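K.L.:
Let me give you the structure first, and then I'll get to my questions.
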Amino acid sequence: MRRAGRDSGPRIAVVGAGIGGLTLAAALRTAGVPCVVYEQTREFSEIGAGVQLAPNAVRPLRRLGLGPALDEHAVRIDAVEFRTWQGASIARTELGAECERLFGAPYYSVHRAHLHEALRERAEPASLRPGRRLLRVEEHADRVRLVFEDGTVHEADVVVGADGIHSVVRDALVRDAPVFSGLSAFRGLVPADRVSPAARQPRVRLWLGPGGHFVCYPVSGGELISFAAIAALDVPPAESWSATADPASVRTAFDGWHGSVSEILHAAGQVRHWALHDREPLHHWSTDRLTVLGDAAHPMLPFMAQGANQAVEDAMDLAVCLAGARLDTVPAALRRYQSLRAPRTAGIQRRSRDSAAGLHLPDGPEQQARDEAMRRSAAPRHRAWLYSYETEDTRSPLTR
Ligand SMILES: Cc1cc2nc3c(=O)[nH]c(=O)nc-3n(C[C@H](O)[C@H](O)[C@H](O)COP(=O)(O)OP(=O)(O)OC[C@H]3O[C@@H](n4cnc5c(N)ncnc54)[C@H](O)[C@@H]3O)c2cc1C
């Protein structure tokens, strides 16, 4: 990596070109700050699955210029519907125009590959280094050394670990390990013309049952339906983004559930399998020269659909903190970033973990009380604490 002269800004290395790392690269570019992004895979790509983007991420992504790409490829969600596993309505959160009015942006569902591609286009192409798998970082008083699997060694003044739940950069900051939830996610995509019209509506639909739940929504402009079946199935644990599962075993686990659930599972060809892990929240995740963002900082169970959204928030706040930082003010910038982000993301990690038990109750009085509570809190204004987040620094071009 280029050695900066005394007057130039810090050399920033980002490890990982997932949604978090690329959002940071795009935000730094918008702020006029150079960086280099190292990614282990040889081809920049994302897995075949959907992701829900809430207004807290859509507002900043629009500021980075992704508005046209989201309008073209994503689906504007008009509501989130919760049902029992047999199909009875529990609650409905109206989004659509109400979401735009309250939170200044729509709620989208998008194919991860489309979001990834749009972010890649906003990052400086010359900054991306594929095929570089980081083995370790060595922090010194005046620089950080990055040691890669291919034998190369690079130097930087600041290293941002955006390298996911098994982060190598996090390993240099804290000794901990992923915690298995006991649950797995079985995910896939189904062509929309292979399911009934109800599944094609611009809606997130969830069915909640004993020990598991099922969620689906359209992506790719409505051409595909993305689904995730969450259950504690007795299959070997898989944490890889590419492990597959036998569709028949997933269908068996959801046997007897509402017709829309079995219709989608029967239409599914390939089903991918994730064993769901998180980690304990961190309160300190930065040193003078190292920090982390996204799943590297706060991996969470996917039950609030906020992991990628929080990675976008992190990236925007970190870019605001690093914009204008000099070599001697980098430690303060990283401390500020940590203080902005750690309390909020720790709270969302905990809520995501706690919500599993409530979502998966057996039928009975507790489940009925939960349904009643969900109805009472279904109005979108109850999500204001989550969807209205903005960084405090209103002087930055990234916040306008
Ligand atoms: C079933 C399921 C459903 C979900 N649904 C949603 C949702 O609807 N909304 C939402 O907001 N979130 C959702 N999430 C969470 C979301 O997918 C993650 O929080 C998000 O992808 C994290 O992004 P990231 O960039 O931090 O990490 P990652 O996406 O894991 O990216 C890390 C990148 O770093 C690279 N990398 C890793 N190690 C190295 C290394 N040593 N050297 C170089 N590169 C490396 C990887 O190849 C990868 O490109 C869901 C998760 C699951 C499992």
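K.L.:
Considering only the range 9-26, I want to know if a residue exists there that is within 27 Å of Met304 (Cβ to Cβ), in a strand (DSSP E or B) and either touching a residue at least 40 places away in the same chain (Cβ under 8 Å) or more than 15 Å from the ligand (Cβ to nearest atom) (or both).
P.N.:
Yes, the conditions are met somewhere in the range 9-26.
K.L.:
A follow-up question, please. Which pairs do you get when a residue that is touching a residue at least 24 places away in the same chain (Cβ under 8 Å) and assigned to a loop (DSSP other than H, G, I, E, B), found in the range 161-172, comes within reach of a residue that is within 6 Å of the ligand (Cβ to nearest atom) and β-branched (Val, Ile, Thr), reach meaning Cβ atoms under 6 angstrom, with the pair 6+ apart or on two chains?
P.N.:
Asp163/Val15
K.L.:
Can I ask one more? Which condition number does Gly188 fail, the rest of (1) over 18 Å from Gly307 (Cβ atoms); (2) not in a strand (DSSP E or B) being met?
P.N.:
(2)
K.L.:
Can you tell me which condition Gly161 does not meet? The list is (1) more than 18 Å from the chain's Cα centre (by Cα); (2) of a type in the set (Gly, Ala, Ser); (3) under 19 Å from Thr291 (Cβ atoms), and all the others hold.
P.N.:
With (1) more than 18 Å from the chain's Cα centre (by Cα); (2) of a type in the set (Gly, Ala, Ser); (3) under 19 Å from Thr291 (Cβ atoms) applied to Gly161, the lone miss is (1).
K.L.:
I'd like the full set of residues that are over 29 Å from Gly161 (Cα atoms) and polar (S, T, N, Q), limited to the range 89-142.
P.N.:
Result: Ser89, Thr93.
K.L.:
Another one. Which one of these does Tyr38 not meet: (1) more than 9 Å from the ligand (Cβ to nearest atom); (2) modelled with pLDDT of 95 or more; (3) surrounded by 17 or more Cβ atoms within 10 Å (Cβ to Cβ)?
P.N.:
Only one criterion in (1) more than 9 Å from the ligand (Cβ to nearest atom); (2) modelled with pLDDT of 95 or more; (3) surrounded by 17 or more Cβ atoms within 10 Å (Cβ to Cβ) is unmet by Tyr38, namely (1).
K.L.:
If you don't mind, another one. Would you check if there is a residue in the range 169-187 being surrounded by 22 or more Cβ atoms within 10 Å (Cβ to Cβ), within 30 Å of Leu265 (Cα to Cα), basic (Lys, Arg) and under 23 Å from the mean Cα position of the chain (by Cα)?
P.N.:
Yes, there is a match, as at least one residue in the range 169-187 is surrounded by 22 or more Cβ atoms within 10 Å (Cβ to Cβ), within 30 Å of Leu265 (Cα to Cα), basic (Lys, Arg) and under 23 Å from the mean Cα position of the chain (by Cα).
K.L.:
Still on this structure: Is it the case that some residue within the range 374-397 is of a type in the set (Phe, Trp, Tyr), out of contact with any Ser or Thr (no Cβ under 9 Å at 6 or more places or on another chain) and outside any helix (DSSP H, G or I)?
P.N.:
Checked against the condition, which is being of a type in the set (Phe, Trp, Tyr), out of contact with any Ser or Thr (no Cβ under 9 Å at 6 or more places or on another chain) and outside any helix (DSSP H, G or I), the range 374-397 yields at least one hit.
K.L.:
Here's another thing I want to ask about it. Could you tell me how many of the residues in the range 41-55 are surrounded by 24 or more Cβ atoms within 10 Å (Cβ to Cβ) and either of a type in the set (Asp, Glu) or more than 8 Å from the ligand (Cβ to nearest atom) (or both)?
P.N.:
1
K.L.:
Determine the pairs where a residue that is of a type in the set (Ser, Thr, Tyr), located within the range 260-276, has a partner that is at pLDDT 90 or above and in a strand (DSSP E or B) with Cβ atoms under 9 Å apart, the partner being 6 or more residues away or on another chain.
P.N.:
Filtered contacts from the range 260-276: Ser260/Arg83; Ser260/Arg205; Ser260/Trp207; Ser260/Phe214; Ser260/Cys216.
K.L.:
Among the listed residues Ala177, Ala156, Ala172, which satisfies the condition of being away from the ligand (no atom under 12 Å from the Cβ), over 24 Å from Ala243 (Cα atoms) and small (Gly, Ala, Ser)? Can you show your working first?
P.N.:
Working: Ala177 fails: over 24 Å from Ala243 (Cα atoms); Ala172 fails: away from the ligand (no atom under 12 Å from the Cβ).
Among Ala177, Ala156, Ala172, only Ala156 is away from the ligand (no atom under 12 Å from the Cβ), over 24 Å from Ala243 (Cα atoms) and small (Gly, Ala, Ser).
K.L.:
Something else about it: Taking Val292 as the residue in question, decide whether it is within 16 Å of the ligand (Cβ to nearest atom) and at pLDDT below 95. Outline the logic, then answer.
P.N.:
Working: within 16 Å of the ligand (Cβ to nearest atom): yes; at pLDDT below 95: no.
When the stated conditions are applied, Val292 does not pass them.
The values are calculated or read from the model by the stated rules, or taken from the named source; none is laboratory data. Computed from a predicted structure; not experimentally measured. Heads up, the Cβs are rebuilt from the backbone with ideal geometry, glycines too, and the neighbour counts pull from every protein chain shown.
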